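A.B. asks: Questions regarding the structure given below will be posed in turn.
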Amino acid sequence: MDRALLLFPGAGSSSSHPSLVAIEDGLAPLPVLRADFPYRREGRRAPDRPPKLMACVREEAERLVDRAGIEPAGLVLGGRSMGGRICSMVVADGLPASGLVLISYPLHPPGQPEKLRIEHLGRLEVPCLFVSGTRDPFGSPEELEAHTAVIPGSVTHVWIDGGRHELKGADDRVVAAVRSWFAALA
């Protein structure tokens, strides 16, 4: 199946984030679109509400499918932190996709493990790759593994030892994990 990858940044960065650029470069010649959410394009710092962010993911997914000339089901979506979470919400709501690449998934705000962002996980029927640091304050390995166990699709966890949420200095390991996961994607 022909594929393409749609990537969104975390809340505090743009589509030019070095990790997203590294993933695009590492997967060449696969078609990759790094996209920004509307608030970023408009020069604002605070993210829009989820419905507006989710609408943006749907629009960019349609654009990439058309540009790459693939079937909608060949699209893989994801990104860093909030970008990946919003993509996973859209896929859980029915957007056709063949998988999710979730870098530093924000399971909960730092120091607030009771504020989980997991309502939609049980509706993810596609293969999911989670790449996270072992010292990420947005979710420990134990927390992430426990809460992603409800995902019906296959789940792959790759841990960056000692990594925090930013995964500074780990782009090569993130790219290797994504490339390996893509190679195994049925």
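A.B. asks: For a Förster distance of 41 Å, can you work out the FRET efficiency between the beta-carbons of residue 49 and residue 140, rounded to the nearest 0.05? Write out the running numbers ahead of the final one.
C.D. replies: Working: r = 28 Å, r/R0 = 0.68.
Between residue 49 and residue 140 the formula returns 0.90.
A.B. asks: Karplus couplings for segment 119-135 from phi (6.51 cos²θ - 1.76 cosθ + 1.60, θ = phi - 60°), rounded to Hz, Gly and Pro as x?
C.D. replies: Ordered by residue, 3J(HN,Hα) equals 3, 8, 4, x, 9, 8, 9, 10, x, 10, 10, 10, 10, 9, x, 6, 10 Hz.
A.B. asks: For residue 119 and residue 154, calculate 0.36 nm times their separation in residues minus their Cα-Cα distance, and state this gained length in nm to one decimal.
C.D. replies: Details: separation 35, 0.36 × 35 = 12.60 nm, distance 1.78 nm.
Stretched out fully, the residue 119 to residue 154 stretch lengthens by 10.8 nm.
A.B. asks: Tell me which DSSP H helices of the chain clear both cut-offs, 18 Å or more of axial length from alpha-carbon atoms and a mean Kyte-Doolittle hydropathy of at least -0.5. Show your work: numbers first, answer last.
C.D. replies: Working: long enough: 50-68 (26 Å, -0.46); 171-184 (20 Å, 0.35).
Helices meeting the span and hydropathy rule in the chain are 50-68, 171-184.
A.B. asks: Using amide H atoms built 1.01 Å from N in the peptide plane, name the residues 5+ places from residue 155, or on other chains, whose amide H lies under 5 Å from its own.
C.D. replies: Those lying under 5 Å, H to H, from residue 155 are 128.
A.B. asks: For segment 56-126, which GluC sites (Glu not before Pro) are in a loop by DSSP, counting at most 14 other Cβ atoms within 10 Å? Could the numbers behind the result be given before it?
C.D. replies: Working: sites: 59, 60, 62, 114, 119, 125; in loops: 114, 119, 125.
Sparse-neighbourhood loop GluC sites (Glu not before Pro): 114, 119, 125.
A.B. asks: So what are segment 4-184's ellipsoid semi-axes, whole angstrom, largest first, if each one is the square root of 5 times an eigenvalue of the alpha-carbon gyration tensor?
C.D. replies: Numbers: eigenvalues 93, 65, 60 Å².
So the three semi-axes of segment 4-184 are 22, 18, 17 Å.
A.B. asks: If each residue's Cβ is checked for other Cβ atoms within 10 Å, how do 171, 136, 25 rank with the fewest at the top? Intermediate results must be reported in sequence, preceding the final value.
C.D. replies: Details: 171 18, 136 24, 25 11.
Result, fewest neighbours first: 25, 171, 136.
A.B. asks: Further, regarding this structure: What residues have an amide H closer than 5 Å to that of residue 131, excluding those fewer than 5 places away on the same chain, when H is modeled at 1.01 Å from N in the peptide plane?
C.D. replies: Here the answer is 102, 103, 104, 105, 158, since their amide H atoms fall under 5 Å of that of residue 131.
A.B. asks: For the chain, what does the relative contact order come out to in percent, with C-alpha contacts under 8 Å and a separation of six or more? Intermediate values should be presented prior to the final figure.
C.D. replies: On the way: 367 pairs, mean separation 36.4, N = 186.
The normalised contact order for the chain reaches 20 percent.
A.B. asks: Go ahead and estimate [θ] at 222 nm for the chain from helices alone: -39,500 (n - 2.57) per DSSP H run with n ≥ 4, summed, over the residue count, rounded to 500.
C.D. replies: Working: 6 runs with 66 residues, N = 186.
Mean residue ellipticity at 222 nm (helix-derived): -10500 deg cm²/dmol.
All of the numbers you see were taken from the coordinates with simple rules; none came from a lab. Owing to the predicted nature of the structure, the values given are computational and were not obtained by experimental measurement. With ideal geometry, Cβ positions are generated from the backbone for all residues, glycine too; neighbour counts draw on all protein chains shown.
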